Amino acid sequence: MSRGIFVTGTDTGCGKTHVAQALIRALRARGLRVAGFKPVAAGADWCDGELRNDDALALKREAGHAAAYATINPYCLEAAVAPHLAAAEAGVAIELGVILAAYAQLAARSDVVVVEGAGGWLVPLGPGLDMQGVALALGLPVLLVVGLRLGCLNHALLSERAILAGGGRLLGWIGSQVDPGMARLNGNVATLTERLGAPCLGVIAHPASRERLDPPRPLTLEGL
Ligand SMILES: Nc1ncnc2c1ncn2[C@@H]1O[C@H](COP(=O)(O)OP(=O)(O)O)[C@@H](O)[C@H]1O
Ligand SMILES: [Mg+2]
């Protein structure tokens, strides 16, 4: 088991938080102390004079970790837009050093840190910095969440290529069915399994899925 896992995805809204929460639950069920980490979030609400992002709150709740909110989510940007635009609007420069320091604090008080990116692998964060840069600087192996909906095959294949080309260590992929009406769910999962080089570490079907996942593919922590 790695000390940390970087959860990226094929897109925004592809199921990264959903999968990260499932992963945190599974790790906690093994008796591990887990921290969630959302280094950069764009899209936040004011709560008692401070900005709070739903993903970071969900990860914090799921992990039950005592760390301060600002450690779990060092960059919490108000506008729900591309992070580099949200940061520029807020007059904030996203710095790797701040992210690494927050991660180190979490890692010191947990067995595993589950890190959720923002958007996909190459999302820009500012001049000369993108999400890939954060994952590589953290030195963490990568888990690719494939949001199961029409278009996911191309997004998944492109993401895998980009992760490997950038020097990321891809542990595997997890499918998350964001569209309950997705046609040919099983055909798409079979194609992903065939064409992605990385192993499938599970598929989370939508509870209202039109098509039943067959065979079921429970989340596996093997290889993580
Ligand atoms: N496997 C799934 N089953 C049911 N709903 C899902 C599943 N995966 C994602 N969702 C829903 O889809 C939406 C987007 O998922 P989310 O995890 O927030 O994506 P991301 O973190 O990549 O932006 C959320 O409303 C989430 O609850
Ligand atoms: Mg999310």
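The values are calculated or read from the model by the stated rules, or taken from the named source; none is laboratory data. From a predicted model like this one, the values you see are computed outputs, not experimental measurements. Neighbour counts are summed over all protein chains in view; Cβ atoms, including those assigned to glycine, are modelled from backbone coordinates with ideal geometry.
Exactly one residue out of Leu164, Leu129, Leu140 is away from ligand 1 (no atom under 16 Å from the Cβ), over 20 Å from Asn188 (Cβ atoms) and out of contact with any strand residue (DSSP E or B) (no Cβ under 9 Å at 6 or more places or on another chain): that is Leu129. Scanning region 9-37 for residues that are among the basic types (Lys, Arg) and outside any helix (DSSP H, G or I), we see that the one that is nearest to ligand 1 (Cβ to nearest atom) is Arg30. Out of all the residues in region 156-175, is one or more of a type outside the set (Phe, Trp, Tyr), farther than 20 Å from Phe6 by Cβ and part of a helix (DSSP H, G or I)? Within region 156-175, not a single residue is of a type outside the set (Phe, Trp, Tyr), farther than 20 Å from Phe6 by Cβ and part of a helix (DSSP H, G or I). Taking residues in region 175-201 that are at positive phi and buried (at least 20 other Cβ atoms within 10 Å of the Cβ), and partners anywhere that are of a type in the set (D, E, K, R) and at pLDDT 95 or above, not one pair has Cβ atoms closer than 9 Å while being at least 6 places apart or on different chains.
Does region 2-11 contain any residue that is away from ligand 2 (no atom under 16 Å from the Cβ), more than 17 Å from Gln132 (Cβ to Cβ) and within 17 Å of the chain's Cα centre (by Cα)? Yes, region 2-11 contains at least one residue that is away from ligand 2 (no atom under 16 Å from the Cβ), more than 17 Å from Gln132 (Cβ to Cβ) and within 17 Å of the chain's Cα centre (by Cα).
Within region 98-153, track down each residue that is hydroxyl-bearing (Ser, Thr, Tyr), touching a His at 6+ places or on another chain (Cβ under 9 Å) and not in a loop (DSSP other than H, G, I, E, B). Selection gives nothing.
Is region 52-67 home to any residue that is buried (at least 20 other Cβ atoms within 10 Å of the Cβ), farther than 16 Å from Val114 by Cβ and more than 16 Å from ligand 1 (Cβ to nearest atom)? Scanning region 52-67 turns up no residue that is buried (at least 20 other Cβ atoms within 10 Å of the Cβ), farther than 16 Å from Val114 by Cβ and more than 16 Å from ligand 1 (Cβ to nearest atom). Residues of region 29-51 that are within 23 Å of Gly4 (Cα to Cα) and either surrounded by fewer than 22 Cβ atoms within 10 Å (Cβ to Cβ) or touching a Cys at 6+ places or on another chain (Cβ under 7 Å) (or both): Ala29, Arg30, Gly31, Leu32, Arg33, Ala41. Of all residues in region 13-28, those satisfying the criterion of being surrounded by fewer than 19 Cβ atoms within 10 Å (Cβ to Cβ) and either more than 9 Å from ligand 2 (Cβ to nearest atom) or basic (Lys, Arg) (or both) are Ala22, Arg25, Ala26, Arg28.
Taken over region 169-224, the criterion of being touching a Phe, Trp or Tyr at 6+ places or on another chain (Cβ under 8 Å) and within 17 Å of Leu150 (Cα to Cα) is satisfied by Leu192, Leu196.
Listed here are the residues, each with its yes/no results for (1) more than 16 Å from ligand 2 (Cβ to nearest atom); (2) under 20 Å from Leu143 (Cβ atoms); (3) not polar (S, T, N, Q).
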position: Leu170; (1), (2), (3): yes, yes, yes
position: Val178; (1), (2), (3): no, yes, yes
position: Gly181; (1), (2), (3): yes, no, yes
position: Gly187; (1), (2), (3): yes, no, yes
position: Cys200; (1), (2), (3): yes, yes, yes
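Yes or no: region 136-150 includes at least one residue that is at positive phi and surrounded by 18 or more Cβ atoms within 10 Å (Cβ to Cβ). No: region 136-150 contains no residue that is at positive phi and surrounded by 18 or more Cβ atoms within 10 Å (Cβ to Cβ).
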